[in-house]
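Take a look at the structure set out below.
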Amino acid sequence: MDSLSLGFLPLALWWPVATGLSLLLVLGAVLWMFMQDRPSQRRGGSTSPAWLPWAFALLALVWWGFGLALALWPLRELDELGQWARASSYVLVPLWIGGVAWVCALVVQRLLRSTAAMRG
């Protein structure tokens, strides 16, 4: 069974690439949230609170910090054998961190659209 890995990169780059990938995915979800909340996208009186994208951005960055501290930081201190033993973690952990941020962004936008549609 094939597993995901960053084997095409030197070992020294695995941790920085994994950290950058997780940050890129979380910032992408935050940017998408801001793009969905632009005033040109708003219809009539159904506007979402102006603080909502900023609150989401803060919570997404807190989530990234939590994922970094609990899942990515321990990978930084592994020796070469430990890195190879946990090779798939360098790909899967950033995908989990970014995936949760994206799911939250999609759920919040769906909830906002549903409540706006119910209001009329």
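The values are calculated or read from the model by the stated rules, or taken from the named source; none is laboratory data. Remember, predicted model here, so these are calculated numbers, not experimental data. All Cβ positions, even for glycine, are placed from backbone atoms using ideal geometry, and neighbour counts span all protein chains on display. Only protein heavy atoms, including side chains, enter the accessible area calculation; ligands, DNA and RNA are left aside. Shrake-Rupley method; radii C 1.70, N 1.55, O 1.52, S 1.80 Å.
Structural remarks
- Residue check: Ser48 meets all listed conditions (1) outside any helix (DSSP H, G or I); (2) without any contact (Cβ under 8 Å) to a residue 40 or more places away in the chain; (3) not aromatic (Phe, Trp, Tyr) but one, namely (2).
- Selection status of Leu75, in a helix (DSSP H, G or I) and modelled with pLDDT of 95 or more: no
- Test for Ala60: is it in contact (Cβ under 8 Å) with a residue 40 or more places away in the chain, touching a helix residue (DSSP H, G or I) at 6+ places or on another chain (Cβ under 6 Å) and open to solvent by less than 40 Å² (accessible area, probe 1.4 Å): yes
- A single entry from Gly82, Gly67, Gly20 fulfils the requirement of being open to solvent by less than 30 Å² (accessible area, probe 1.4 Å) and either without any contact (Cβ under 8 Å) to a residue 24 or more places away in the chain or among the basic types (Lys, Arg) (or both): Gly82.
- Failed item, numbered, when Trp32 is tested on (1) at pLDDT 90 or above; (2) open to solvent by less than 60 Å² (accessible area, probe 1.4 Å): (2)
- Taken together, Val91, Val100 contain a single residue that is modelled with pLDDT under 95, β-branched (Val, Ile, Thr) and either in contact with a Phe, Trp or Tyr (Cβ under 6 Å, 6 or more places away or on another chain) or assigned to a helix (DSSP H, G or I) (or both), which is Val91.
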